[in-house]
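Comments concern the structure below.
The values are calculated or read from the model by the stated rules, or taken from the named source; none is laboratory data. Not measured: the values here are computed from a predicted model. All Cβ positions, even for glycine, are placed from backbone atoms using ideal geometry, and neighbour counts span all protein chains on display.
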């Protein structure tokens, strides 16, 4: 077996760049919500918790239950394409349930603001970013270890079967075009923006009379976006740039719709962040030394 394998340095660099883009998206959005919209932190923690409990475990549980139902396994999981579509739909439904739970919890005292709703969305997005970030960290660590110490170091102490599995995994990882890893980070950053913005629609339906059919629209867009990610991860479609452009298009549609809803239903809360902040944040000029 050939152990003379090296990990492309460009792939490692692109993985690290993608991770930086993802972290930057979370930090920038969090800063805006805290400083401009005076958002509370609790909805964010709640969003993270609900994502980890309901979505991470829920997707696996629902997938398993569907897979043991006679006939369903063949229809939903018979091909990689069907598997990705089924997982994307389950994911989108559980994500939307998470948004509804987080916002209902945040509004239990009828005092939720738009900033709080968006912070809840950021918490959910942070959970998704953590899961994606762990994958990026693993790939970066794997590549660095192989290039620094060699495959023999990585395989030391493993059984023949374990070595064969690791070699197959490493070979598949190396064979993926380097650009994919950069686009993966970009896609994850787009997901952070999307999941945060999606809570604006739930906020509008809970508090501002936005028509309930928007539940279906948000779920559909989320399913398409997640499906694009799964198509890339499972190599159903290898045109990674086209998948990224699909996510960009969905994000543009969400932003345009959010701005329209802000005007028609939210009384320009999204645009009037300075006014919102001035009503809740203390002014330093009013603080006097005792």
Checklist line | Scan of segment 98-130 for residues that are closer than 26 Å to residue 236 by Cβ and touching a helix residue (DSSP H, G or I) at 6+ places or on another chain (Cβ under 7 Å), ordered by number | finding: 98, 124, 125, 127, 128, 129
Margin query: Given the condition surrounded by 14 or more Cβ atoms within 10 Å (Cβ to Cβ), closer than 22 Å to residue 237 by Cβ and either touching a residue at least 24 places away in the same chain (Cβ under 8 Å) or in contact with a strand residue (DSSP E or B) (Cβ under 6 Å, 6 or more places away or on another chain) (or both), answer yes or no: does some residue in segment 24-36 qualify?
Written below: no
Item checked: Out of 227, 216, 267, sole residue that is modelled with pLDDT of 90 or more and at positive phi -> 267
Notebook entry, point to check: Any residue at all in segment 65-80 that is closer than 29 Å to residue 19 by Cβ, out of contact with any helix residue (DSSP H, G or I) (no Cβ under 8 Å at 6 or more places or on another chain) and in contact (Cβ under 8 Å) with a residue 24 or more places away in the chain?
Noted result: yes
Next item on the list: Could you pull out the residue among 94, 65, 81, 103 that is surrounded by 14 or more Cβ atoms within 10 Å (Cβ to Cβ), in a helix (DSSP H, G or I) and modelled with pLDDT under 95?
Entry: 81
